[in-house]
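Step one of this worksheet: look at the structure below.
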Amino acid sequence: MVDKYINNHSKESIFPIYDQYIHNYLQLFIDFTHEKIYEDVAVTAYAPNEKGQFMKFNPVGDNIEFNLFPNSEIYLQPDAGC
């Protein structure tokens, strides 16, 4: 019932529904109105290099349309306001 209400009243919802679905958890941290990750969320996204070390930076915090490198790991941390 809640899903149906959110789908029918998406402008009232804080949860972003894109094409009727939440495609991944990262989508919950994106402000689609302004096409950016919410300002109070820190993003760290790296992929493994040729040696397997997570050193290839994914600039998803600057560009939400960036295609992530394969096997990327994304860490999201809420800003505590410090």
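The values are calculated or read from the model by the stated rules, or taken from the named source; none is laboratory data. This structure is a prediction, so every number in the text was calculated from the model and none was measured. So basically every Cβ, Gly included, is an ideal-geometry build from the backbone, and we count neighbours across all protein chains shown.
See the values below:
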{"read-out": "Members of region 54-78 that are part of a strand (DSSP E or B) and touching a residue at least 24 places away in the same chain (Cβ under 8 Å)", "value": "GLU73, ILE74, TYR75, LEU76, GLN77, PRO78"}
{"read-out": "Condition met for THR33 (surrounded by fewer than 11 Cβ atoms within 10 Å (Cβ to Cβ) and of a type in the set (S, T, N, Q))", "value": "yes"}
{"read-out": "All positions within region 36-82 that are on the phi < 0 side of the Ramachandran plot and polar (S, T, N, Q)", "value": "THR44, ASN49, GLN53, ASN58, ASN63, ASN67, SER72, GLN77"}
{"read-out": "Pairs where the first residue, in region 26-38, is charged (D, E, K, R) and the second is part of a loop (DSSP other than H, G, I, E, B) and modelled with pLDDT of 85 or more, C-beta under 7 Å, 6+ apart", "value": "ASP31/TYR38; GLU35/ILE64; LYS36/ILE64"}
